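What follows is one structure encoded as structure tokens, with my remarks underneath.
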């Protein structure tokens, strides 16, 4: 079995993730315009986050963290990988069906855990009703995540990376249909004058349709790749026992990560509109995080697992270093841009309809704080595969516990001082804490877990090029201010601002040797890591 082509795989995942994020922007821009930051918007955002939170806990987090390295090594050694995948598929499906039924009974308590500030007003009842529908999404999307892990481990990234595009296509379509009024009044609103109630109903049912479509896409792709995973009676095999043992600490670590998110939402729920502001800010910083960090993490984990199984220490070190180098070369300038021009970005992208300038200001403040933590969020995706590829899920769990405490202390403490932005400060500080712990822990893993000399030389040049770009963006944004706010030319002005920043970064970065554009072209042409 050939090793995963790291850079070409990264570009494939990055391209489809970028497409998904762009459609996600369109979706959130429409939600902001049609629903604003009112009760329906906040109730849907909380209801939609429930299955996504547990999806990261069960599938993309704990389960795939343990499953992908084991499956990759079985592929490398040809030890019945299909049988192992079928057992895992059946076991996960059984667990999720039972959990989904339980969630229907305890939905009011789940909503309280997510946003206790909703208690006593219309947002709570809406979130409970919406949550009961959207929660079934976890079944489809978690099984899709497992199938994606099978495809990724075998070096096939396109279908798994493209699947999230379907979610945003369906939800954008639902919003457009709701705006046309073709479906009339979809049930009686629990309170007169609820803005966007019909769109909210279409969004929650669209979520289920999208989950089914995503699962179907990756199942067909897996079948065509020779991995037809049909459900069968669950059984506890020795391999599944090993999977459970490895997944246990990862599941606890995933729980810690979700507690961090809960702390942020709890803080935000006590400030009117804050959940929506943080959600829209999250969308902005998730664009570079998804395109760069998540893409690299998805490709790096199976590659490291198989290189370690083949005892390729030099190859593992090179893969880690190039992943870190490419990630930071794209992430640090993105972080600087989010910190220096957040208001133009938010105003042009979101400010319309029910989303006004005050909403833009609040969201921009959160964007700047998240931008400070963006490199940390990406580096976590680069460093965690070092542990997971070695089937070590206990160390990341311990580190996550420490980061959880940091997040809680900072978020709650800053909420008293700075209001709703305490949640963003907590997330950012916890992210950097996690990176420091992951770096410290990787020191005992040997040479394969160390960055090479080229990475250490170029990181400082990347930082310098990013700072120069940031200064250029500040000056240009001042010059373009009359066209960035309230002008019909604001879209063109923002495009000019962003493109000018990109050109200045790459031109100066090339000049000082932060990177060599020819290296990217050659690697992509050859399909090498």
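In the condition set (1) under 30 Å from residue 506 (Cβ atoms); (2) under 20 Å from the mean Cα position of the chain (by Cα), residue 451 is compliant with all but (2).
Listed by position, the helices (runs of 4 or more DSSP H) inside segment 401-496 whose residues that are buried (at least 16 other Cβ atoms within 10 Å of the Cβ), outside the structural domain of residue 375 (by TED's automatic domain parsing) and in contact (Cβ under 8 Å) with a residue 24 or more places away in the chain number at least 3 are 453-479. If you go through segment 221-232 and keep only what is assigned to a helix (DSSP H, G or I) and touching a helix residue (DSSP H, G or I) at 6+ places or on another chain (Cβ under 8 Å), you end up with 221, 222.
For segment 21-38, a residue qualifies if it is buried (at least 19 other Cβ atoms within 10 Å of the Cβ) and closer than 15 Å to residue 285 by Cβ, and the qualifying residues are 21, 24, 28. Applying the set (1) on the phi > 0 side of the Ramachandran plot; (2) touching a helix residue (DSSP H, G or I) at 6+ places or on another chain (Cβ under 7 Å) to residue 419 leaves exactly one unmet item: (2).
Among the criteria (1) assigned to a helix (DSSP H, G or I); (2) surrounded by fewer than 24 Cβ atoms within 10 Å (Cβ to Cβ), the one residue 385 does not fulfil is (2). Is there a residue being surrounded by fewer than 22 Cβ atoms within 10 Å (Cβ to Cβ), assigned by TED's automatic domain parsing to the domain that holds residue 32 and more than 17 Å from the chain's Cα centre (by Cα) anywhere in segment 332-339? There is at least one residue in segment 332-339 that is surrounded by fewer than 22 Cβ atoms within 10 Å (Cβ to Cβ), assigned by TED's automatic domain parsing to the domain that holds residue 32 and more than 17 Å from the chain's Cα centre (by Cα). Taken over segment 150-174, the criterion of being farther than 30 Å from residue 229 by Cα and either crowded, with 23+ Cβ neighbours inside 10 Å or modelled with pLDDT under 80 (or both) is satisfied by 174 alone.
The values are calculated or read from the model by the stated rules, or taken from the named source; none is laboratory data. Fair warning: this is a prediction, and the values are worked out from it, not measured in the lab. With ideal geometry, Cβ positions are generated from the backbone for all residues, glycine too; neighbour counts draw on all protein chains shown.
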